[in-house]
Amino acid sequence: MNLPKIHSISKKICVALLGGFLLIFLLFHASANLLVLRHDDGAWYSAFCHFMGTNYIVKVFEVVLFGFIALHICFTAWLWLTNRMARPVRYHVAGKSKTHPGSKLMMWTGILIFVCLLVHFTDFYFVKLGWVKGEYMAKVEKLQQIEALQTLQLSSQFDMTPEEFVDELESRATELSAMEGDSAETARYIAQLRDGLDVYNILQRAYDEGNVTEDGVWIRHLTYDERQLLRDVAPEADPEPDFYFMVREKFSHLHMVLLYLLFFAIVWIHMRHAFPSAFQTLGLSNYKYYNVIDLLGKLYAWVVCLMFAAVVILVFLGL
Ligand code: HEM
């Protein structure tokens, strides 16, 4: 097979730079997750997720992040393939290779992390994309701004429920059309009110069932179908995944806690080796400082993985 010729060290530098970026992302992600531990009914974590889900700079960052993950995987596979092609005959004596045992683990832990990430995305990220169904929340303020809702509120002045009000308007459609002079316009107006009625009922149910967050900002426990409905009827109130609730729900199950702890252990092994390795490739390490950088790598991996683990364990314990 003919692979494009890029010097091995250039590929290693790319892997190191991309990996370095991912190491920083993990510290950021683990720190942000700690917000789940606040006992504020998700106020801070939901506000954070809302910012992350709506800010345009973050959206660009997300594309860059996925691009970097893909490139990191491609360059590593390419490096592995070229190394293998350079030595088609394997060593006969096991252990003869001078490769650090950690670097052999890198390939396997990398593959396992990829598999775990697919599970992780199915749990959370794909819900945001609408590929997997989850639980959603919407901002009360945005829903209340919907024009039709303000019209429906007039129903109380006529001692009618909003349903009766729209039915009444519909029965008087001919009269209304005569006033407006445009029957198509009247039909559109009534259709708008019917859509508004759906939003009204969603809001009403949320209040009746106590599905409003403590700070009164969000209504939660919206279903996938309600999300679709709101997306069509009230795009400005586009509901988003309720990650706070989903994280708390997911880690109330022991098997999910154990699965994720295994995931963090694999991430720890991968990071622990990646850190000093990246320093070495970028020429930032030498014989004198190797031990210090190696220790820093271990510490960094422990801090990040313990932060991830703390969320999962404390949520499971209901703390
Ligand atoms: C306690 C552990 C973790 C929790 C509770 C958690 C939670 C989440 C949530 C809720 C999202 C969706 C955020 C959004 O799209 O707005 C997400 C996305 C993501 N997670 Fe995690 N995560 C954890 C651990 C990890 C680990 C260990 C990795 C990587 C090794 C990871 C990598 C990612 C990536 C790459 C994304 C997509 C980018 C993003 O949207 O930020 N996560 N995670």
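Against the conditions (1) modelled with pLDDT of 85 or more; (2) in contact with a helix residue (DSSP H, G or I) (Cβ under 9 Å, 6 or more places away or on another chain); (3) open to solvent by 80 Å² or more (accessible area, probe 1.4 Å), Met179 satisfies every one except (1). Number of residues in region 26-42 that are under 16 Å from Val217 (Cα atoms) and at pLDDT 95 or above: the value is 0. Considering only residues in region 116-130 that are more than 8 Å from the ligand (Cβ to nearest atom) and surrounded by fewer than 16 Cβ atoms within 10 Å (Cβ to Cβ), the one that is farthest from His270 (Cα to Cα) turns out to be Gly130.
Using the structure shown, decide if Leu143 is out of contact with any strand residue (DSSP E or B) (no Cβ under 8 Å at 6 or more places or on another chain), in a helix (DSSP H, G or I) and not assigned by TED's automatic domain parsing to the domain that holds Asp123. Answer is no for this residue. I'm checking my understanding of the structure. Among residues of region 179-219 that are polar (S, T, N, Q) and touching a residue at least 12 places away in the same chain (Cβ under 8 Å), which one is farthest from Gln150 (Cα to Cα)? That would be Thr213.
The values are calculated or read from the model by the stated rules, or taken from the named source; none is laboratory data. Note that the structure is predicted; figures quoted are calculated from it, not measured. With ideal geometry, Cβ positions are generated from the backbone for all residues, glycine too; neighbour counts draw on all protein chains shown. To get the accessible areas, we keep the full protein, side chains included, count just its heavy atoms, and leave off ligands, DNA and RNA. Shrake-Rupley method; radii C 1.70, N 1.55, O 1.52, S 1.80 Å.
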